[in-house]
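The values are calculated or read from the model by the stated rules, or taken from the named source; none is laboratory data. All values derive from a computational prediction rather than experimental measurement. Please note: Cβ atoms are built from the backbone with ideal geometry, for glycine as well, and neighbour counts cover all protein chains shown.
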Amino acid sequence: MSTAHPAALAHQFESLEQQKESATLGMWLFLAQEILFFGGLFMAYLLYRWRDPQAFAAGSHELDITLGLINTVILIASSLTMALAVHSAQLSRTKALVRWLVATGVLGTAFLVIKYFEYSAKWEHHLVPGPGFHFPEAAIGGRAEIFFSLYFAMTGMHALHMVVGLGLLGWLLVPAMKGKFNAEYHNPIECFGLYWHFVDIVWIFLFPLLYLIGRHYHGAT
Amino acid sequence: MSAEATVPEVKPNYLTADHGLKSWLLTLDHKRIGLLYLLGVSFFFLLGGIFAMLIRLELLTPAGDMVQPDTYNRLFTMHGVMMIFFFLIPAIPGILGNFLIPIQIGAKDLAFPKLNLLSWYLFMAGGLATFGAIVTGGLDTGWTFYTPYSSTFSTTAVIPVGLGIFVNGFSGILTGLNFMVTIHRMRAPGMTWFRLPLFVWSHYATSLIQVLGTPVLAITLVLLVLERAFHIGVFDPTRGGDPVLFQHLFWFYSHPAVYIMILPSMAVISELIAAFSRKRIFGYHFVAFSSIAIAVLGFLVWGHHLFVSSQSVYAGTVFSLLTMLVAIPSAVKVFNWSFTLYQGAVSLHTPMLYALGFIGLFMIGGLTGVFLGTLGFDVHVHDTYFVVAHFHYVMVGGTIMGYLGGLHFWWPKITGRMYSEFWSRMSALLVFVGFNLTFFPQFLLGYMGMPRRYHAYPEEWQVLNVLSTAGASVLALGFLLPVAYFFWSLKFGAVAGRNPWGARGLEWETDSPPPTLNFDQAPVVDHEAYNYADDAATPGMKPLSAH
């Protein structure tokens, strides 16, 4: 061990570059795994939407499109702040890094708070699947239940990923404030950024599938 | 560092570098984690084996006289769950893959050692949760968890076992991810893709399935648990759901999962055939890519489990044809192994006995798989013992033969000691004979129409069932014998030395047991794998029968 060993270099790697490439590849593989994980839900959505498009359109109609839209904007903004955080880390700007990470965290939390109010409204309107489920339109009735099952399963699984993301963000904030990340070493920030963008992209698919498709057709009939 | 000053009297290896329970439970060394897997996997194998023996004892007589039908349902379910999720899937990658992949590619460790340790803890947590569910009442859905029985009607521990398998799934995903990154990024200088041992290629293919297939099972189990706990209706026809969707999602993972079990075994067999034929594997590139082909095709055949589940005849025909395609890369392997044997300097040491056994049994298992992939024939023998015999030929005849062969081959590397050649040959013989005696009669029973998963049967089938139970007893003996001589070898076995088999590969160029960082000097590779033809470099085979 005659060569200098940077503090951030784990023992199994030969160089920081190798370590970075490994971490990035690992994160991409993890995201590939995530796509398949959500894929099961999207499969169920496709099947049941194809079977009963009317019930799905009616279900869409009951979702709060304003809150959904606000949340979409919030998440896209959080992707921007996250990208700026990674950029700051690459330039060794510790203060900016911390600032953008905090901004990302605030936006992520705002998303979850709005989601909470959306869920509670569904609860009050008896739109949570189960014995208490009651759909306002008699013509659709219980057929809409499966839409709301998928709505809660898909957005719930997405929200869970947001919670995990916020946890990871808090965990990265401490070393970020201590100035551990710099141009030479910032894998964790970059990998976390990949994760955060991925969770955003899932929402970019969820929003049209759940909130938008078919809702105006339903209103017209 | 200067050599004279730092070399102590006994050179430390990965086993002696550190001491105490904590040094094991918090280890980041891939070799120690491999041994931790050996511990866990052996425990779950024992549990699964006990359930198997109880099943065979019940089937000794035609009347259902030993256990109640309810209990019998729990027995075959827990046998399947334990064996598949906690033995067959993790065994070879967890133990041998963990131990060998970094060494074979000339790395110090896997890319993510902490993740590797986490994988083991997830595996143990999942396994122990499942074990806990057994103690508190078991599970009776079959290992396949078919809805709506599992979601609505079963009164047993669906949720705990489902969550146990969910957690264990992430162990597999993270292990696969770790292997893939390691193989991509951690190879020693000169270790190009086509210089990799085929063991590594096959594990790469396995990892691909684990990373891309397992999450689908994970989300399916989540939906099952939600269905059962909150009745969300996704699999419930009375609420607009479809139970057959469960079967599609389940088999999208669980059919590729059989390749998660067999590919690592094929990984081992390639190494054994080359080492004990003293030849480079015939058609190296074909064997390497056949692993990838099996992994890819494996994702396209799940529908052959649904020939009688309301799938259209057209879809069934397509899945039937796709299923037969898998036979091509499988046959490529078998033919290439056979050609490797041809005119090789074949020696019949214990690992080679297992390898040859594997080829025979896998051929029977694989070819009956083509029968079952044939739409018309499958409808005839669906849910009979023919299916049971087929997948045991692949899983036990395939995976366990490879697992035991690999364990015998690398035991000297792992522990530094040799076991008894005589007794190990005996155990290989017992396993082979016992296995065939157990499962060949089941082909006949299945063809005559004996359905699986019943605790009683008509009297005319008793002779074949008695043979099967007798075979299971012989098989059990064959599995217990290695436990005895492996433990014996730790204290009394001859010291193995670096390369007791005269085999090729980086793992044989380091000490037995290897040092913590695997090599004293970072290896540089300048030759192909299996370079047995370079005579000058081939060490002679030691006579091992003397032990």
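For this structure, a couple of remarks:
- Whenever a residue of the range A:56-81 is more than 21 Å from residue A:45 (Cα to Cα) and touching a residue at least 12 places away in the same chain (Cβ under 8 Å), its partners that are surrounded by 20 or more Cβ atoms within 10 Å (Cβ to Cβ) and among the charged types (D, E, K, R), lying with C-beta atoms within less than 8 angstrom and at least six residues away or across chains, give the pairs A:75/A:200; A:76/A:200; A:78/A:200; A:79/A:200.
- Any chance residue B:257 is within 19 Å of the chain's Cα centre (by Cα) and within 14 Å of chain A (Cβ to nearest Cβ): yes
- Scanning the range A:1-39 for residues that are of a type in the set (Gly, Ala, Ser) and at pLDDT 95 or above yields A:22, A:23, A:26, A:32, A:39.
- Scanning the range A:131-149 for residues that are free of Cβ contacts under 8 Å to residues at least 24 places away in the same chain and either charged (D, E, K, R) or touching a Phe, Trp or Tyr at 6+ places or on another chain (Cβ under 6 Å) (or both) yields A:141, A:145.
- Residue match in the range A:4-11 (condition: within 12 Å of chain B (Cβ to nearest Cβ) and in contact (Cβ under 8 Å) with a residue 40 or more places away in the chain): no
- Residue within the range A:86-98 that is over 22 Å from the mean Cα position of the chain (by Cα), assigned to a helix (DSSP H, G or I), of a type in the set (Val, Ile, Thr) and surrounded by 15 or more Cβ atoms within 10 Å (Cβ to Cβ) present: yes
- Condition met for residue A:196 (farther than 22 Å from residue B:230 by Cα, outside any loop (DSSP other than H, G, I, E, B) and aromatic (Phe, Trp, Tyr)): yes
- Counted residues, the range B:91-126 - those being more than 23 Å from residue B:519 (Cβ to Cβ) and polar (S, T, N, Q): 1
- The range B:421-437, residues that are surrounded by fewer than 22 Cβ atoms within 10 Å (Cβ to Cβ) and out of contact with any Gly (no Cβ under 6 Å at 6 or more places or on another chain): B:421, B:422, B:423, B:425, B:426, B:429, B:433, B:436
- The residues of the range B:324-377 that are in a helix (DSSP H, G or I), touching a Ser or Thr at 6+ places or on another chain (Cβ under 6 Å) and not hydroxyl-bearing (Ser, Thr, Tyr), listed by number, are B:329, B:332, B:333, B:341, B:366, B:373, B:375.
- Within the range B:63-86, tally of residues that are acidic (Asp, Glu) and in contact (Cβ under 8 Å) with a residue 60 or more places away in the chain: 1
- Residue B:60 fulfils the conditions (1) closer than 29 Å to residue B:401 by Cβ; (2) free of Cβ contacts under 8 Å to residues at least 60 places away in the same chain; (3) not in a helix (DSSP H, G or I) except for a single criterion, (2).
- Hits in the range B:234-250 (condition: within 12 Å of residue A:48 (Cβ to Cβ) and either out of contact with any Pro (no Cβ under 7 Å at 6 or more places or on another chain) or at the interface with chain A (Cβ under 8 Å from one of its Cβ atoms) (or both)): B:234, B:239, B:240, B:241, B:242, B:245
- Failed condition for residue A:77, given (1) within 17 Å of the chain's Cα centre (by Cα); (2) facing chain B (nearest Cβ under 9 Å): (2)
- Residues of the range B:186-207 satisfying the condition of being more than 11 Å from chain A (Cβ to nearest Cβ), closer than 13 Å to residue B:291 by Cβ and part of a helix (DSSP H, G or I): B:193, B:198, B:199, B:200, B:201, B:202, B:203, B:204, B:205, B:206
- Residues within the range B:279-313 that are over 11 Å from residue B:326 (Cβ atoms), crowded, with 19+ Cβ neighbours inside 10 Å and aliphatic (A, V, I, L, M), tallied: 3
- The conditions of being free of Cβ contacts under 8 Å to residues at least 24 places away in the same chain and either not in a helix (DSSP H, G or I) or not acidic (Asp, Glu) (or both) are not met by residue A:117.
- Restricting attention to the range A:24-47, the residues that are more than 8 Å from chain B (Cβ to nearest Cβ) and either closer than 14 Å to residue A:190 by Cα or outside any helix (DSSP H, G or I) (or both) add up to 4.
- Leading residue by the ranking (nearest to residue B:426 (Cα to Cα)) among those in the range B:372-398 that are of a type in the set (Ser, Thr, Tyr) and at pLDDT 95 or above: B:393
- Residue list for the range B:208-239, restricted to those being assigned to a helix (DSSP H, G or I) and touching a Leu at 6+ places or on another chain (Cβ under 7 Å): B:211, B:212, B:215, B:216, B:219, B:220, B:225
Residues are listed down the side, and each one gets a yes or a no for (1) buried (at least 21 other Cβ atoms within 10 Å of the Cβ); (2) touching a Phe, Trp or Tyr at 6+ places or on another chain (Cβ under 9 Å); (3) within 25 Å of residue B:466 (Cβ to Cβ); (4) modelled with pLDDT of 95 or more:
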{"position": "B:31", "(1), (2), (3), (4)": "yes, yes, no, yes"}
{"position": "B:41", "(1), (2), (3), (4)": "yes, yes, no, yes"}
{"position": "B:65", "(1), (2), (3), (4)": "no, no, yes, no"}
{"position": "B:72", "(1), (2), (3), (4)": "yes, yes, yes, yes"}
{"position": "B:86", "(1), (2), (3), (4)": "yes, yes, no, yes"}
{"position": "B:89", "(1), (2), (3), (4)": "yes, no, no, yes"}
{"position": "B:116", "(1), (2), (3), (4)": "yes, no, no, yes"}
{"position": "B:121", "(1), (2), (3), (4)": "no, no, no, yes"}
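- Test for residue B:218: is it within 22 Å of residue A:33 (Cβ to Cβ), more than 13 Å from chain A (Cβ to nearest Cβ) and either touching a Lys or Arg at 6+ places or on another chain (Cβ under 7 Å) or of a type in the set (Gly, Ala, Ser) (or both): no
- Those residues of the range A:137-153 which are under 19 Å from residue A:117 (Cβ atoms) and either away from chain B (no Cβ under 11 Å) or buried (at least 21 other Cβ atoms within 10 Å of the Cβ) (or both), in sequence order: A:148, A:151
- Residues that are among the aromatic types (Phe, Trp, Tyr) and part of a helix (DSSP H, G or I), drawn from the range B:295-323: B:302, B:314, B:319
- For the residues B:159, B:183, B:173, the requirement of being over 30 Å from residue B:528 (Cα atoms), crowded, with 24+ Cβ neighbours inside 10 Å and either among the aliphatic types (A, V, I, L, M) or facing another protein chain (nearest Cβ under 8 Å) (or both) singles out B:173.
For every residue, the table says whether it meets (1) within 14 Å of chain B (Cβ to nearest Cβ); (2) within 22 Å of residue B:235 (Cα to Cα); (3) exposed (fewer than 12 other Cβ atoms within 10 Å of the Cβ).
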| site | (1), (2), (3) |
| --- | --- |
| A:117 | no, no, yes |
| A:121 | no, no, no |
| A:132 | yes, yes, yes |
| A:135 | yes, yes, no |
| A:155 | yes, yes, no |
| A:164 | yes, no, no |
| A:168 | no, no, no |
| A:172 | no, no, no |
